[in-house]
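A.B. asks: Would you mind keeping the following structure in view while I ask a few things?
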Amino acid sequence: MTPDDLSLICRIVRARTGHVVDQAKAAVIENRLAPLVRREGYNSLSDLMSVIKAKRDERLVWALADAMLPKDTAFFRDRTPFTQFRDVILPDLEQRLGTSPLRIWSAGCGTGEEAYSLAMTVDEVRGGRAGRAVEIVGSDLSERCLERAAAGIFSQMEVQKGLPIRYLVRHFERQDEAWQLSESFRQKVQWRRVNLISEINMVGRFDVIFCRYVLGGLDDLMRKQVLSQLAAILNDNGYLIVGRDEAVLDQAVGLAPVWGSSDIYRREPALRIVA
Amino acid sequence: MEKTCLVVDDSVAIRKVSRMILENLGFHVTEASDGQEAIAWCRAAMPDAILLDWNMPQMSGIEFLRQLRAEPLGEGPKVLFCTVENDLSHINEALKAGADEYIMKPFDGDVISAKFAEVGLL
C-alpha cells in the first residue's frame, strides 16, 4: 500500500465519519480492511484503492469507512452504567416524566448489544407490569452492523461476555451454534442508520442517550460539535452516558456530571442550549 | 483476603486451563475430578466459588450441586457450571438446582472473568 493510499483512507474515514485514523499504523489499517478486500473480490488493498480512486464508487467508499470504524461491543459492557440506569436513572425519569413516553437512544450501537441490554433492563425493572411507553432506538453508521442487530443472532462467546445467564434463558432461543433473541423481544428496539456527525437533528428528542466508545475516536472539534448536538436533543433532566475515559466535562454544553461520575451527565434545565 | 475456587472437572486439561485463568484473576485454586471428590474438598474447607463440570464419573455436577444446596450453609459458595451441555433445558435444570451462573464450553479467559464478575466475585 502506498503512502498516498494510506493518506486517502484516513481522509475518507475522517470526512465520512469524523473518526481519526492514525496514518502511522499501516498494518492495523490493512488488517482491518482485509475482510472488505476479500468480500469485494479484490486481490489486494492496493487493487481496491485503485478502483476507489478511479471510480469514486460511493458504495465502496462508505464500505471502506464502515470497515475502519471500531466494532468492539458487548452486552452490559462495563456493567456500572447499566446498574446506574436501572437503579437511579430509570426511577428518576419515571418519576419526572408523567405520562409521556420514555425515549432511550443507543447511539453508535454497533451490532446491538447495548440497545438490547437496555431493553432487558427495562423489561426486568417493569417485571411484566404495564407502565409508561418506552421507545428504544439503536443507531449506527454501519448498515452491516444494523442488519446483524436486527437479526438478534449472537455467537456463544458473545452471549457469555457480560450477559447474565437469567437473561439468556428469558429472552433467547438456541439457533444451531448461536443464540437468537426471541422475535417479540427484537421488536422492542427500532434500528436506524444515523451518522452522528451530520444527522443527529433527525432523530428526535430523548430522555436517555447512551453514546459510549464513539466520542473518543473523533477529533476535538467534531467531538465538541457532536456533544453539543446530543445535549441539545436531550430533554430537560435527561441523561447522557459516555464511555469510560471519555469524560466530556470540559466540552459538554449544558451538561453536568452526576453522582461524581465521569461518564454520566444530566441535562440541566436551567441552561439554554443552542445546537 | 484471597478468594478460593474449587475447579471440578474430570479433564486434566480443562482443570489446568481453568486454574491458570483463575489464578491470574487472583483466586487460590483447588481441584477435584468429580462430584464425590468435590464434596470431600467442601467438607474440609468451603470455597468461595465452584467451577463445575456436568458430566463426570462417580458423581455428576448436577448431583453434587443438589447435595451442596441441601446442606445448611446459608448462602453457600457461588456455583458456576462449566460444561458442553449448552441447551436451555440443561441451563434451566442447573439454575433450578441452585447454580449462580452457567458457562458453555468452549470458553476463554474473558468469559470466565465476565461470569465471575457477574456473581460478584471480581
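The values are calculated or read from the model by the stated rules, or taken from the named source; none is laboratory data. Owing to the predicted nature of the structure, the values given are computational and were not obtained by experimental measurement. Note: ideal-geometry Cβ built from the backbone for every residue, glycine included; neighbour counts use all protein chains shown.
A.B. asks: Please go through the range A:23-43 and give me each residue that is assigned to a loop (DSSP other than H, G, I, E, B) and touching a residue at least 12 places away in the same chain (Cβ under 8 Å), ordered by number.
C.D. replies: If the condition is that a residue be assigned to a loop (DSSP other than H, G, I, E, B) and touching a residue at least 12 places away in the same chain (Cβ under 8 Å), then A:Gln23, A:Glu40 are the ones that fit.
A.B. asks: Are there any pairs, at least 6 apart or on different chains, whose C-beta atoms fall under 9 Å, with the first in the range A:174-187 and free of Cβ contacts under 8 Å to residues at least 12 places away in the same chain and within 14 Å of chain B (Cβ to nearest Cβ) and the second surrounded by fewer than 17 Cβ atoms within 10 Å (Cβ to Cβ) and aliphatic (A, V, I, L, M), and if so, which?
C.D. replies: So the pair list comes out as A:Arg174/B:Leu88.
A.B. asks: Looking at the range A:218-227, is at least one residue at positive phi and either loosely packed, with under 13 Cβ neighbours inside 10 Å or of a type in the set (A, V, I, L, M, F, W, C) (or both)? First the steps, then the outcome.
C.D. replies: Going residue by residue through the range A:218-227, those that are at positive phi are none.
There is no residue in the range A:218-227 that is at positive phi and either loosely packed, with under 13 Cβ neighbours inside 10 Å or of a type in the set (A, V, I, L, M, F, W, C) (or both).
A.B. asks: Quick one: in the range B:87-100, of everything that is of a type outside the set (A, V, I, L, M, F, W, C) and more than 7 Å from every other protein chain (Cβ to nearest Cβ), which residue is nearest to B:Leu65 (Cα to Cα)?
C.D. replies: So the residue we want is B:Gly98.
A.B. asks: For the range A:116-165, enumerate the residues that are crowded, with 16+ Cβ neighbours inside 10 Å and within 14 Å of chain B (Cβ to nearest Cβ).
C.D. replies: A:Ser117, A:Met120, A:Phe154, A:Gln156, A:Glu158, A:Val159, A:Gln160, A:Lys161, A:Gly162, A:Leu163, A:Pro164, A:Ile165
Okay, residues lined up against (1) more than 14 Å from chain A (Cβ to nearest Cβ); (2) in contact with a Gly (Cβ under 7 Å, 6 or more places away or on another chain):
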residue: B:Glu23; (1), (2): yes, no
residue: B:Gly35; (1), (2): yes, yes
residue: B:Ile50; (1), (2): yes, no
residue: B:Pro57; (1), (2): yes, no
residue: B:Phe64; (1), (2): yes, yes
residue: B:Ala70; (1), (2): yes, no
residue: B:Glu75; (1), (2): yes, no
residue: B:Tyr102; (1), (2): no, no
residue: B:Ile112; (1), (2): no, no
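A.B. asks: Examine the range A:192-207 for a residue that is within 14 Å of chain B (Cβ to nearest Cβ) and out of contact with any Phe, Trp or Tyr (no Cβ under 8 Å at 6 or more places or on another chain), and state whether such a residue exists.
C.D. replies: Of the range A:192-207, the ones within 14 Å of chain B (Cβ to nearest Cβ) are none.
Scanning the range A:192-207, I find no residue that is within 14 Å of chain B (Cβ to nearest Cβ) and out of contact with any Phe, Trp or Tyr (no Cβ under 8 Å at 6 or more places or on another chain), so the answer is no.
A.B. asks: Determine which single condition B:Lys115 fails, assuming it passes every other condition in (1) under 15 Å from B:Val8 (Cα atoms); (2) under 12 Å from the mean Cα position of the chain (by Cα); (3) of a type outside the set (Asp, Glu).
C.D. replies: With (1) under 15 Å from B:Val8 (Cα atoms); (2) under 12 Å from the mean Cα position of the chain (by Cα); (3) of a type outside the set (Asp, Glu) applied to B:Lys115, the lone miss is (1).
A.B. asks: Identify, please: which residue in the range A:94-122 is closer than 20 Å to A:Ala150 by Cβ and among the charged types (D, E, K, R) and is, among those, farthest from the chain's Cα centre (by Cα)?
C.D. replies: Taking the candidates together, the pick is A:Arg103.
A.B. asks: Of a type outside the set (Lys, Arg), in a helix (DSSP H, G or I), out of contact with any Phe, Trp or Tyr (no Cβ under 7 Å at 6 or more places or on another chain) and modelled with pLDDT under 95: is that true of A:Asp4 in this structure? Lay out the reasoning, then the answer.
C.D. replies: Details: of a type outside the set (Lys, Arg): yes; in a helix (DSSP H, G or I): yes; out of contact with any Phe, Trp or Tyr (no Cβ under 7 Å at 6 or more places or on another chain): yes; modelled with pLDDT under 95: yes.
Judged against the criteria, A:Asp4 is a match.
A.B. asks: While we're here: Please enumerate the residues belonging to the range A:60-83 that are within 14 Å of another protein chain (Cβ to nearest Cβ), not acidic (Asp, Glu) and not in a helix (DSSP H, G or I).
C.D. replies: Residues of the range A:60-83 that are within 14 Å of another protein chain (Cβ to nearest Cβ), as a first pass: A:72-80, A:82-83.
Next cut, not acidic (Asp, Glu) only: A:73-77, A:79-80, A:82-83.
Passing the criteria: A:Thr73, A:Ala74, A:Phe75, A:Phe76, A:Arg77, A:Arg79.
A.B. asks: If you go through the range A:73-82 one residue at a time, do you hit one that is small (Gly, Ala, Ser), surrounded by 14 or more Cβ atoms within 10 Å (Cβ to Cβ) and in the same structural domain as A:Ala26 (by TED's automatic domain parsing)?
C.D. replies: We begin by selecting, within the range A:73-82, every residue small (Gly, Ala, Ser); these are A:74.
Within this subset, residues satisfying the condition of being surrounded by 14 or more Cβ atoms within 10 Å (Cβ to Cβ) are A:74.
Cutting the leftovers down to in the same structural domain as A:Ala26 (by TED's automatic domain parsing) gives us none.
No, every residue in the range A:73-82 fails to be small (Gly, Ala, Ser), surrounded by 14 or more Cβ atoms within 10 Å (Cβ to Cβ) and in the same structural domain as A:Ala26 (by TED's automatic domain parsing).
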